[in-house]
Amino acid sequence: MIVCIGNALVDTLQQIDENIIEKLDLNKARMTLVDKERSNFLLENMPNPTYAAGGSAANTAYWISVLGGQAGFIGKVSNDDLGKQFKSSLSEHGLEDLTVYEEGDDQTGLCAIFITPDGERTMNTYLGAGAQLSMSDLNEQAINKCNILYMEGYLWDRLPSKEAFIYASNVNKLSGGKNALSLSDVFCVEAHRDSFLDLIKENIDYVFCNEDELKALTLQDTAEKSFKFFEENFPKLEQLICTLGSKGAIVIKDNKEYFFEATEANVIDKTGAGDFFAAGYLYGLQKNLTIDESANFANKSAAHVISEIGVRPEKDFS
């Protein structure tokens, strides 16, 4: 089984015109952490939002399950309607629900996502109960049994969550499993570069990222220099999996580069592209597929999710 750890969020998605970006003072195409007041303000400016269980690692776990893999999700929600909706979504899609309820009075995390006509998604996240994840919330039995532990970089902000990641990755390593890390966003990398580098050197087997996140982590000005940086500084890393947007993706393994063209897609909403890409590739790893086969699943998965609004596609996957 692949166990994913991350922020448990409910997504609210709204298509908007480009001029709304400036009107609402949004940071286009980026993820911005907001407080509860700002989150509520943005929700009030969504005339007809679509609601769906979300969160980066939860999206990845969901799609692994849809593809036919085995996956579970560890996160934290509040005992409110949003939290119950989130937990129900996990079980409905065949995931092992390893989430826990937060004992305080915080609400379940919410991500307000604005989608412009170019398909870019601008995310504004109130972490809520999800940010309270700590070591005591981990299901060690599930981690001991999993073959891959996938951790979401978005959750690296708070010390208790960081300690939970380090502990979980150690438990998984001792039981013979592999650890995977998603860098998640440039702001995560810029805020936690040194500790990310330490974690990767010590405990990570697979790194998932995009080109901008990779350059921010390595402080290099090109992807090529960043690949060289990884080859020279992370001898224990089994694979670096880097997406290049519409150009495709590159996998680095044993100091060899494998390039894969992106799958053609009608871009409607880029929300979840990286999450689904990671899911497709992790599914391939779980099924012992080749790099080529895994990358094919990854690219097709990313193309599939960006052709619809939201991260629970209704069209059949082929």
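What follows is calculated from the coordinates using simple rules that are stated; it is not laboratory data. This structure is a prediction, so every number in the text was calculated from the model and none was measured. Backbone-built Cβ (ideal geometry, glycine too); neighbour counts: all protein chains shown.
Structure notes:
- Whole-angstrom gap from the range 140-210 to the range 217-242, using each part's C-alpha centre: 17
- Student exercise, the range 70-201 dipole from Lys, Arg, Asp, Glu Cβ charges, in Debye to nearest 20: 540
- Taking only the alpha carbons of the range 120-245, we obtain Rg and Dmax values of 14.7, 42 Å in that order.
- In this structure, the residue pairs whose Cα-Cα separation is over 22 Å, taken from 173/247; 173/287; 270/300, are 173/247.
- DSSP-defined beta bridges in the range 2-305 - what % are antiparallel, rounded to 5: 40
- Residue with peak Gaussian network fluctuation, the chain [Cα springs, cutoff 10 Å], from 67, 149, 95: 67
- Overall, the chain carries a charge dipole of about 640 debye about its Cα centre when +1 sits on the Cβ of Lys and Arg and -1 on the Cβ of Asp and Glu, all other atoms neutral.
- Result for the chain in a Gaussian network model with C-alpha springs under 10 Å: among 170, 266, 144, the largest mean-square fluctuation is at 266.
- Residues considered: 232, 202, 308. Largest GNM mean-square fluctuation over the chain, using C-alpha springs under 10 Å, is found at 232.
- Convex hull volume of the Cα atoms of the range 1-120, normalised per residue: 110 Å³.
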